[in-house]
Amino acid sequence: MSAPNHKAQLEAVLRAEKLGREVAGKTILSDISFDVATRDLLGIVGASGSGKSSLLRLLNRLDEPTSGTVYLDGRDYRQLPPRDLRRRVGMVTQRPFLFPGDAATNLRFGPAQRGETFPDAEIARLLERVGLSGFAASEVSVLSGGEQQRVSLARALANRPEVLLLDEPTSALDEESKLGIEELVGSLVQDHDLTCVMVTHDRDQARRICNRVILLEAGHLIRSGTAVEVLGA
Amino acid sequence: MFPSQIALGLAQAAIAAIMALAVVLLARRKNVHLESDAAIALLRGIVQIVAVGSILALLLKAPRWTSVFLLVGMVLAAGSISAKRAKNIPGAAKVSTYSIAAGAGLVTAIMTWAGVIDTAITSLIPVGSMIIANAMNTNGLALNRFRSEVLSHAGEIETALALGAAPEATVARYAESSIHSSLIPAIDNLRSLGIVWIPGLMTGMLLSGANPMYAAIYQFVVIAMILASSGLTSLLSTMMIRSHAFSPADQLVLRGAE
């Protein structure tokens, strides 16, 4: 493993260094390096099967890289307890996978894993922030797709993450809900000083909200830069 | 008509096998293909049971403690067979063997110590094998259910992991439902005892001239022992297999193809 660039480490909250993953002899990802700083919203763009979601799963160590590693605040994430790492690197998936019960139960889940209670006032504030004021006692099963995705975002934020990973969070939503979530994500990144990495197959979405983009093709990083540099105007 | 009891038994086995194969052919007409599995199982079954019969014939004159070796061999085989129900879970064979050994072994040992099971080889081996076989089936059911629950809820499990949950907590409710469903046959057997079926052991005791009341009560004893050993086996195997579904870095290893 090569030594990380210390200057870049100081600036970048999350730094992927020569990340690779092979499964049963098949290369899923190869030699991926990038860094993301506070308030960055990095888009991972590419065709289906290019390795976008696989890359995201390596960033919170849901899967193990077979080469390279990730540095979180300059520290190799393999030195961190996985549960602590995942508290700090939150994730929102394409399907929200909400737990049975009401929205408040879902928001309490993360803090409860560390034995912390999440006060009702905090729940109300967070739900208001994601546009769901008064939804604390709402059963999640009766919420719309857009509302469920907002609960999922609030649930991830309840853990007070430093990095937020978003895996196609709007792909199952209608146009109006999609634009609402995009606006919400953009403002959350700024207001909460988050570092955000978002997978999307929608190039227009990447142009709208990502300040930086990396383009993947067959598991390889083809291009990186601003959305316009990578995807064109 | 038959020169010996063994010849009679083989003829009866042939008729029973033909009936089983007829059902397999019937299933084939409905596009359910059990041919190779059923043929291999029937062949294995007759070879194995004849082998055990031969060993029992030899052991009848051996010291009583030798039956322990046979029971240990049965536990090892049971662990290997039922681990196949937990395909893709690393360490399933070890978990199965330990669970069956503890569940069936403990119940058999206690009941033998209490005098409920006679230490004679002709008693200890058949009753012990019934307990081990049922523990094996329960273990297989529990692991199979656990595997399918985890595979079908991988998204929920990984969501909980991504929120910082402890791996074993993320699969706790699937482990509980696995224990419950694996014990349904044993509980139903106890519930329907004497009403729906008269088990083989009681039938054998009646045929050999035992008091019908004693045969009935002893059958209850055996079925209750089976429930105890199956329950303990299922409890242990699902407790142990939970940690095997995850890597040391708390990653779910039991997932569909990537």
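Looking across B:Asn88, B:Asn134, one residue alone is under 15 Å from the mean Cα position of the chain (by Cα) and not aromatic (Phe, Trp, Tyr). It is B:Asn134. Scanning segment A:41-75 for residues that are charged (D, E, K, R) and under 18 Å from B:Ala162 (Cα atoms) gives A:Lys52, A:Arg57, A:Arg61, A:Asp63, A:Glu64. Within segment A:74-103, track down each residue that is touching a residue at least 40 places away in the same chain (Cβ under 8 Å) and among the hydrophobic types (A, V, I, L, M, F, W, C). Matches in segment A:74-103: A:Val89, A:Met91, A:Val92, A:Phe97, A:Leu98, A:Phe99, A:Ala103. If you check B:Ala175, B:Ala160, B:Ala186 for being in contact with a Phe, Trp or Tyr (Cβ under 8 Å, 6 or more places away or on another chain) and closer than 30 Å to B:Leu76 by Cβ, only one passes: B:Ala175. Screening the candidates B:Val75, B:Val116 for the property of being hydrophobic (A, V, I, L, M, F, W, C), in contact (Cβ under 8 Å) with a residue 40 or more places away in the chain, closer than 24 Å to B:Gly204 by Cβ and surrounded by fewer than 22 Cβ atoms within 10 Å (Cβ to Cβ) yields one hit, B:Val116.
When the criteria are applied in full, A:Gly146 meets the requirement of being in contact with an Asp or Glu (Cβ under 8 Å, 6 or more places away or on another chain), at pLDDT below 95 and within 24 Å of A:Lys52 (Cβ to Cβ).
Meeting the requirement of 3 or more residues that are of a type outside the set (Lys, Arg), within 13 Å of another protein chain (Cβ to nearest Cβ) and farther than 21 Å from A:Asp40 by Cβ, the helices (runs of 4 or more DSSP H) wholly within segment A:87-175 are A:103-113, A:145-157.
You will find that of A:Leu10, A:Leu29, A:Leu62, A:Leu42, the residue that is modelled with pLDDT of 95 or more, not polar (S, T, N, Q) and not in a strand (DSSP E or B) is A:Leu62 and no other.
Elements of the type helices (runs of 4 or more DSSP H) sitting completely within segment B:166-246 and holding at least 2 residues that are farther than 27 Å from B:Leu143 by Cα and without any contact (Cβ under 8 Å) to a residue 40 or more places away in the chain: these cover B:200-207, B:212-244. Considering (1) within 10 Å of chain B (Cβ to nearest Cβ); (2) within 22 Å of A:Met198 (Cβ to Cβ); (3) out of contact with any Leu (no Cβ under 6 Å at 6 or more places or on another chain), the lone condition that A:Asp73 does not fulfil carries the number (1). Do you know which of the residues in segment B:142-163 that are touching a strand residue (DSSP E or B) at 6+ places or on another chain (Cβ under 9 Å) and facing chain A (nearest Cβ under 7 Å) is surrounded by the fewest Cβ atoms within 10 Å (Cβ to Cβ)? Among them, the one singled out is B:Glu158. Annotation: B:Ser192 fulfils all but one of (1) out of contact with any Ser or Thr (no Cβ under 7 Å at 6 or more places or on another chain); (2) of a type in the set (Ser, Thr, Tyr); (3) surrounded by 12 or more Cβ atoms within 10 Å (Cβ to Cβ); the unmet one is (3). Contact map, segment B:1-15: residues that are loosely packed, with under 12 Cβ neighbours inside 10 Å paired with residues that are of a type outside the set (Phe, Trp, Tyr) and modelled with pLDDT of 80 or more, Cβ distance under 6 Å, separation 6+ or inter-chain. Pairs shown: B:Phe2/B:Leu8. Evaluating B:Asn88 against the criteria (1) modelled with pLDDT of 95 or more; (2) within 14 Å of another protein chain (Cβ to nearest Cβ) leaves one unmet condition, (1).
The values are calculated or read from the model by the stated rules, or taken from the named source; none is laboratory data. What you are looking at is a predicted structure, and each value in this text was computed from that prediction instead of being measured. Note that we place each Cβ from the backbone using ideal geometry, even for glycine, and neighbour counts take in every protein chain shown.
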